[in-house]
1. Cut-off 10 angstrom, C-alpha nodes, Gaussian network model of the chain. Which of Ser177, Ser308, Ser355 fluctuates the most?
2. Tell me which aspartates and glutamates have Cα within less than 16 Å of Lys262's Cα, excluding those fewer than 8 residues away on the same chain?
3. Before I look further, what does the stretch 297-383 give for accessible area per residue, probe 1.4 Å, in whole square angstrom?
4. Rounded to whole Å, give me the distance from the Cα center of the stretch 260-328 to that of the stretch 53-131.
5. Give or take rounding to whole Å, what are the principal axis extents of the alpha carbon atoms in the stretch 44-197, in descending order?
6. In µm²/s, what is D for the stretch 60-134 at 10 °C and 1.306 mPa s, where D = kT/(6 pi eta Rh) by Stokes-Einstein and Rh is the Kirkwood radius from Cα pairs?
7. Summing Lys, Arg as +1 and Asp, Glu as -1, what charge do residues with Cβ under 13 Å from the Cβ of Val71 carry, Val71 excluded?
8. Ratio of alpha-carbon Rg to the 2.2 N^0.38 Å globular estimate for the stretch 258-383, to two decimals, please.
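The values are calculated or read from the model by the stated rules, or taken from the named source; none is laboratory data. This is a predicted model, so every value here is computed, not measured. Glycine also receives a Cβ, built like all others from the backbone with ideal geometry; neighbour counts cover every protein chain displayed. SASA here: full protein model, heavy atoms, side chains in, ligands and nucleic acids out. Shrake-Rupley method; radii C 1.70, N 1.55, O 1.52, S 1.80 Å.
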Amino acid sequence: MFLPFISLRIDLGKCKVCGGSGRSVTVGLGVCLRCIRERPEDALHVTEVAHIRARESYGLPGFPPKSEGGVPCGVCWNDCRIGSGEVGFCGLVSNVEGRLVRHGGTASNGVLEWYYDPLPTNCVAWWFCPGCTGAGYPKYSWSNSRPEYGHSNLAVFYGACSYDCLFCQNYHFRLLSAKKEPTVSAESLASRASGNVSCICYFGGDPSPQMPHAIRTSELAIEKAKAEGRIMRICWETNGYMKPQFLERAVELSLESGGNIKFDLKCWDENLAKAMCGVSNKPSLENFKTVGEKFYKRRSELPVLTASTLLVPSYVDVDEIRNLSSFISGIDVSIPYTLLAFAPNYEMYDLQTTSRKHAYECLEAAREEGLQNVRLGNSQLLS
């Protein structure tokens, strides 16, 4: 077994732009937050190298291809234009003699792993979702004011992503991207959502590169559940990088079924997003706004939209949370927002866990910006 996040490095703990050293600099990025904000051109040159190095271990391109005359993919906001012999950013789309070949993300071919997760489960929306609380009974939940004990969530772990987060908590999805397997058809996956299964949650990786597969699976599962008189909620944990036509269909399925879409908003500053995640976060923020303004008020009894942010020490600071909270509250102050404690992983393994002081300062900042429903998650990790 190889561990791609272990590598030889120089200037450990020192910013390669300003020369500053200390715990505030992770070797995974090689730059400090101040330089990312104040000297972005220099800082992003350093972090680009970090992303290329991390991805080449899996045979993935360092950046979304933009080949002149390349064939456009069109599923996510990376807008890959894939030249002959090239592979898309997600690793699942290839240009073979001028024709795109999708190794995953079609109705017949999803690169993923799945398992049954007994309810109540460790979900970002645990504090208001029907499976964990009984909210929405009897239309959306089997239980009244308590978790759906005896039922399960079909957890679908997609093996590709439209981001490249160097702090990824599930970084092993890249092994699936590289192998382009295992594959499961939408029909086969939907058949697993039977018996005591009352919800499906798509995560990963991220569902955004394989939305046609997830949408078809959801449609089949809902159709089957309706025929059998069962509840079948559809939920999404995503960076929100899918194109609008896929996003809106996903939200419609969640609205219909009693599920929700959880946006993992990594940060507010675009340069920080590029540094940590490899791509701009602007399309994700715009998609979040679209869902909030177009769909959120259509189901007031049960939120269809929620957000979360991982409190990465030394990078996702109070200012980031304050700006994100202001953005969310500008859409609707009742949108649920979960702040998650960070655990060191992948290329940013040398950081500490989120401190209790940092977490509560961020919690207070979110409330000061007017948000009415803010929680801390993974609080057991707080140092």
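1. Ser355
2. Of all the aspartates and glutamates, those that pass the test against Lys262 - Cα under 16 Å, at least 8 places apart if same chain - are Asp206, Glu237, Glu248, Glu252, Glu286, Glu293, Asp332.
3. 40
4. Centre-to-centre distance over Cα atoms comes out at 21 Å.
5. 57, 36, 23
6. 108
7. 0
8. The value comes to 1.03.
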